[in-house]
Amino acid sequence: MTKVLILNELHPGEQPGAATIAFDYAKALSKMSQTIFFYTTKSENDSITGLLRIKGVRRNQRKHVSGYYGEFRRVLRDLLALPTAIRYFREIKSVNPNLLWIHQIGNHIPRLLLFFLPLIAPTIMTVHDYSFIVPRKLYPKDLNKKHLQILGVPFFEGNQTYGNWLASTIKQFMYILRRVILRHYCKRIRIICISQQQAQIYRIFGFKVHSIIPNGINECTCVDSHNSFSSPSVLFLGRVTGKGVERLLSSVSQLDIQLFLAGPEELRNVAEAFPGKLKYKYLGNLDRAQVFQEIHKVSMVYLASDCFDVFPTTGIEAIRHGAIPIVSDTTGLRELVHDISPDLVLTSSQAKIPFENYLMRIKNHKKELMGRLYQANLQLPTIDKSLKDYLTKW
């Protein structure tokens, strides 16, 4: 029987997102093949969940260093930490897999490991972000005017002082050098992107993309799956950086809209520090079942990032569970959301969200809007559908 090892740096219980998607695939694949979900943890852990073997390998604890020096150290460790890479290589080789499926690594598990993994078994990697391009979030300012035109994203040229220009030039040189090394590491790995926009950007920066397979998501089986839209409300889920939170707060402060915030404590701190009047409720960190419950309670879910956002799980969950998604043109879901309603796709630099238009549409054209949302839902693949596409790529 084929043995598949799925590698994600962290367990979804520690950091949801890509890890959640990876774990969903692992559980589905375990019904067809012998499957191991491999991740790092604070202490060794080897367990069985259903048919899935879960192998947690102890990671080294490191002191966090912020600023440019911290970023430089992280990049060097990611690219050159040979002893760490060899350690994880041996751990993976001891499992003796026939196929390797990599999701997110680069912090505790160095990407240097990618150079060696094909020596064990054929390897594919699902890229959930833009971390091969820059070691942070990717913004429109990181691309030139020609490339943004290809992507259909507006170009805005800002003013820079000489000091800022010099620092930016040095950083860009380091990013270019880093990409050269990473492209070399990935020569024998098949890279899978999860949105058309993401694939375009990776190809712009010289990476070979083997295929595009959108993340699958299970059908809605919630007991209370009815969105009444009886009161104007919007939900934001996630972290603050690059997610357009300031635009959201300034827009809802002018209207009678109930705002729900779910995520880390910094999210509540930003809301409390906002100078305008807000009608909001902070929900804290939610598990997946709680997220679905909250989506069913609101009329809209906001995920209009300032940065490039690949194929946000929050967005496909909103569509699947019947809430209207608000995205930006830097979001990989923009084409799908555009089919629901073009004005739900904001430009990344747009200052105001047209909530008045949305509320009027919900009030006067609810049936038509829900019909389009339903059609968008039908276009989302299930986990099993996406998994079948993956099985043809090794």
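The values are calculated or read from the model by the stated rules, or taken from the named source; none is laboratory data. Since we're looking at a predicted model, the values are computed, not measured. Because the Cβ atoms are built from the backbone with ideal geometry, glycine has one as well, and the counts that use them run over all protein chains shown. Keep in mind that these areas ignore ligands, DNA and RNA; they rest on the heavy atoms of the full protein, side chains included. Shrake-Rupley method; radii C 1.70, N 1.55, O 1.52, S 1.80 Å.
Computed from the alpha carbon atoms alone, the convex hull of region 1-97 holds 109 Å³ per residue.
Per-residue SASA remark: Arg136, around 80 Å² accessible (1.4 Å probe; ligands, DNA and RNA not included). Please give the helix 162-185 orientation as an angle from the longest Cα principal axis of the chain, in degrees from 0 to 90, rounded to the nearest 10. In the chain, helix 162-185 runs at an angle near 50 degrees to the longest axis.
Based on alpha carbons, the Rg and Dmax found for region 249-330 are 12.9, 35 Å. Taking the empirical scaling 2.2 N^0.38 Å for compact globular proteins as reference, region 230-295 has a Cα radius of gyration ratio of 1.06.
A straight chain from Arg58 to Gln290 at 0.36 nm per residue would run longer than the Cα-Cα distance by 80.6 nm.
Could you tell me what percent of the accessible area of region 181-334 is made up of carbon and sulfur, with a 1.4 Å probe and every protein chain present? That fraction is 48 percent.
Cross-link reach is defined here as a Cα-Cα straight distance under 25 Å, omitting same-chain residues fewer than 8 places apart; for Lys187 the lysines meeting it are Lys3, Lys93, Lys137, Lys171, Lys208, Lys388, Lys393. Ranked by the mean number of other Cβ atoms within 10 Å per residue, highest first, peptides 213-222, 337-346 order as 337-346, 213-222.
Bridge orientation summary for the chain: considering DSSP beta bridges with both residues in this region, about 10 percent are antiparallel. The residues of region 39-158 have, on average, 52 Å² of accessible surface per residue, using a 1.4 Å probe with all protein chains present. If you count the DSSP beta bridges with both ends in region 1-143, what percent of them are antiparallel, to the nearest 5? So the antiparallel bridges in region 1-143 amount to around 20 percent.
With Cα atoms defining each centre, region 294-360 and region 186-222 are spaced 20 Å apart in the structure. Gyration tensor over the Cα atoms of region 285-325: the corresponding equivalent ellipsoid has semi-axes (square roots of 5 times the eigenvalues, largest first) of 18, 12, 9 Å. Given axes a ≥ b ≥ c from the Cα gyration tensor, I'd like to know whether region 194-308 is rounded (a/c under 1.5), prolate (a/b larger than b/c) or oblate. Oblate shape, in that a/c is at least 1.5 and b/c is the bigger or equal ratio.
Rg then Dmax, both in Å and based on the Cα atoms of region 273-394: 15.7, 54. Rounded to the nearest 10 degrees, what's the angle between the helix 366-379 long axis and the longest principal axis of the chain, both from Cα atoms, 0 to 90? Around 10 degrees separate the two axes.
Bridgeable lysines around Lys279 (alpha carbons under 17 Å apart, same-chain partners fewer than 8 residues away excluded): Lys297.
Identify, among Thr20, Thr40, Leu99, the residue whose Cα sits farthest towards the positive end of the charge dipole of region 1-123, taking +1 on the Cβ of Lys and Arg and -1 on the Cβ of Asp and Glu, with the dipole about the Cα centre. Value: Thr40. Starting from the Kirkwood Rh over alpha-carbon pairs, what translational D in µm² s⁻¹ does the chain have by Stokes-Einstein at 20 °C and 1.002 mPa s? Here the translational diffusion coefficient equals 96 µm²/s. To test your reading of the geometry: what angle, between 0 and 90 degrees and rounded to tens, separates the Cα axis of helix 288-297 from the longest principal axis of the chain? Tilt of helix 288-297: around 20 degrees.
Over every Cα atom in region 34-186, the radius of gyration and the widest Cα-Cα span, Dmax, amount to 18.7, 59 Å.
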